[in-house]
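See structure below.
The values are calculated or read from the model by the stated rules, or taken from the named source; none is laboratory data. These figures come from a predicted structure and were not determined experimentally. Glycine also receives a Cβ, built like all others from the backbone with ideal geometry; neighbour counts cover every protein chain displayed.
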Amino acid sequence: MLNSNLLRKLDMQDLMVFVAVYEQSSVTEVSETLCVSQSTVSYCLKKLRTSFDDELFINTRNGMWPTNKATTMYGHVLKILKSINICHSGLHAFDPTQKEITFNICAPEYFELLILPNLLKRFIGSSFPVIVNIQKFHRDIPIEELIDGRFDLVICFGPNFHRSSKNLKSQILLEDDLVCVVDKNFAPTEGEFSLDSFVARQHIFPTPWTSDTNMVDGWLSKWAYSRQIVARANSYVAALNMITGTDFVLTLPRRIQMLISNEDKFSHCKPPTGLPNFTLDMLWNEKPGQDSANNWFREQIVSVCAQDGLL
């Protein structure tokens, strides 16, 4: 935050004028160096003096003499301009074309189905030598692995479905909700499930990450309900195949249902009222001097989500 609202009126040209006047001591020379009029230089000096509440430069026969405050400011203003140039030039930015690089990610099947395919196509289309290794998500966020660098990134569901850490940075990638998928011959006549009709059915439990329960069971337990699970599948696709020819219910993220469910064989309907939505979150360990490759990789994921209309 700024100490004074007057500082908000300054721009880069004002700072450039400050440095040039300090180094050249002549408004005329500054005007020629920066290719601006002398009146512009004078206007910038007026803004600087007002913003910093100091004369800054005293007009003498031998040129513009810096005040003590101007002398103190000079090094700091140089750093500001240098930092702006670094931001513009992308100094030390990661170049994905230079060498092969591997990113190790902990993520659920949701990410593998919805985002990873187009992310890989982007890398292939741009001839980026990038390898992505995915490890299945377990009960909790692998904090130690993120901190020591064994994982570059963790993709998990939120909000607050997993234990988090104050040492980690996070960003929401997208939002989604849940739908109930059933064999077309066993769809509820009313087109949706009440809480009672939902728990009266038998359920297939997909395990896109290692867990005995998921957000559905957590929500049911708040209402003192539980459901009967007849099978646990290793993937969404396998779980979907298990409901064919039965009255089993499979509760899926809507985006996954739209991606893998055959509308000729399956119907989808609303879950019980109140079943919460969820987010897909991206977590990483932001260290001092963060590796620019990690920044670049996260940017590619966000860009793919935006391109596919997921955000």
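State whether the residues of segment 99-112 include one that is in contact (Cβ under 8 Å) with a residue 40 or more places away in the chain, of a type in the set (A, V, I, L, M), surrounded by 11 or more Cβ atoms within 10 Å (Cβ to Cβ) and out of contact with any helix residue (DSSP H, G or I) (no Cβ under 7 Å at 6 or more places or on another chain). Yes; the residues of segment 99-112 include at least one that is in contact (Cβ under 8 Å) with a residue 40 or more places away in the chain, of a type in the set (A, V, I, L, M), surrounded by 11 or more Cβ atoms within 10 Å (Cβ to Cβ) and out of contact with any helix residue (DSSP H, G or I) (no Cβ under 7 Å at 6 or more places or on another chain). Within the option set Leu116, Leu168, being at pLDDT 95 or above and over 15 Å from Ala293 (Cβ atoms) holds for one residue only, Leu116. Residue selection: Lys121 fails the criterion of being in the same structural domain as Asp53 (by TED's automatic domain parsing), of a type in the set (Lys, Arg) and at negative phi. Here the helices (runs of 4 or more DSSP H) wholly within segment 195-277 that include at least 2 residues being out of contact with any Leu (no Cβ under 8 Å at 6 or more places or on another chain) and under 25 Å from Ile115 (Cα atoms) are 236-242, 254-260.
Name the residues in segment 113-122 that are free of Cβ contacts under 8 Å to residues at least 40 places away in the same chain and surrounded by 18 or more Cβ atoms within 10 Å (Cβ to Cβ), would you? Across segment 113-122, the qualifying residue is only Leu116. Which of the residues that make up segment 187-196 are without any contact (Cβ under 8 Å) to a residue 12 or more places away in the chain and hydroxyl-bearing (Ser, Thr, Tyr)? Answer for segment 187-196, where residues must be without any contact (Cβ under 8 Å) to a residue 12 or more places away in the chain and hydroxyl-bearing (Ser, Thr, Tyr): just Thr189.
If the condition is being over 16 Å from Val302 (Cα atoms), surrounded by 14 or more Cβ atoms within 10 Å (Cβ to Cβ) and either among the β-branched types (Val, Ile, Thr) or without any contact (Cβ under 8 Å) to a residue 60 or more places away in the chain (or both), then segment 141-164 contributes Ile141, Pro142, Ile143, Glu145, Ile147, Phe151, His162. If I filter segment 69-90 for residues that are β-branched (Val, Ile, Thr) and crowded, with 17+ Cβ neighbours inside 10 Å, do I get at least one hit? Looking for residues that are β-branched (Val, Ile, Thr) and crowded, with 17+ Cβ neighbours inside 10 Å, one finds at least one in segment 69-90, hence yes.
For segment 8-52, filtering for residues that are touching a Ser or Thr at 6+ places or on another chain (Cβ under 8 Å) and exposed (fewer than 13 other Cβ atoms within 10 Å of the Cβ) leaves 3. Residues that are not in a helix (DSSP H, G or I) and not acidic (Asp, Glu) were ranked within segment 184-194; the one that is farthest from the chain's Cα centre (by Cα) is Thr189. The helices (runs of 4 or more DSSP H) falling completely within segment 104-161 that include 2 or more residues that are over 18 Å from Ser235 (Cα atoms) map to 116-125, 143-148.
A quick yes/no check of all residues on (1) closer than 23 Å to Arg139 by Cα; (2) modelled with pLDDT under 90:
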{"position": "Thr213", "(1), (2)": "yes, yes"}
{"position": "Gln228", "(1), (2)": "yes, no"}
{"position": "Thr244", "(1), (2)": "no, no"}
{"position": "Thr251", "(1), (2)": "yes, no"}
{"position": "Cys269", "(1), (2)": "no, no"}
{"position": "Pro276", "(1), (2)": "yes, no"}
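When Gly149, Gly218 are screened for being assigned by TED's automatic domain parsing to the domain that holds Glu286, at pLDDT 85 or above and out of contact with any helix residue (DSSP H, G or I) (no Cβ under 8 Å at 6 or more places or on another chain), only Gly149 passes. Taking the criterion of being out of contact with any helix residue (DSSP H, G or I) (no Cβ under 7 Å at 6 or more places or on another chain) and touching a residue at least 40 places away in the same chain (Cβ under 8 Å), the residues of segment 253-270 that qualify are Arg254, Gln257, Asp264, Cys269, Lys270.
Working carefully through the options Ser83, Ser37, Ser26, find the one that is among the polar types (S, T, N, Q) and touching a residue at least 24 places away in the same chain (Cβ under 8 Å).
Values: Ser83 fails: touching a residue at least 24 places away in the same chain (Cβ under 8 Å); Ser37 fails: touching a residue at least 24 places away in the same chain (Cβ under 8 Å).
Ser26 is the lone residue from the list that is among the polar types (S, T, N, Q) and touching a residue at least 24 places away in the same chain (Cβ under 8 Å).
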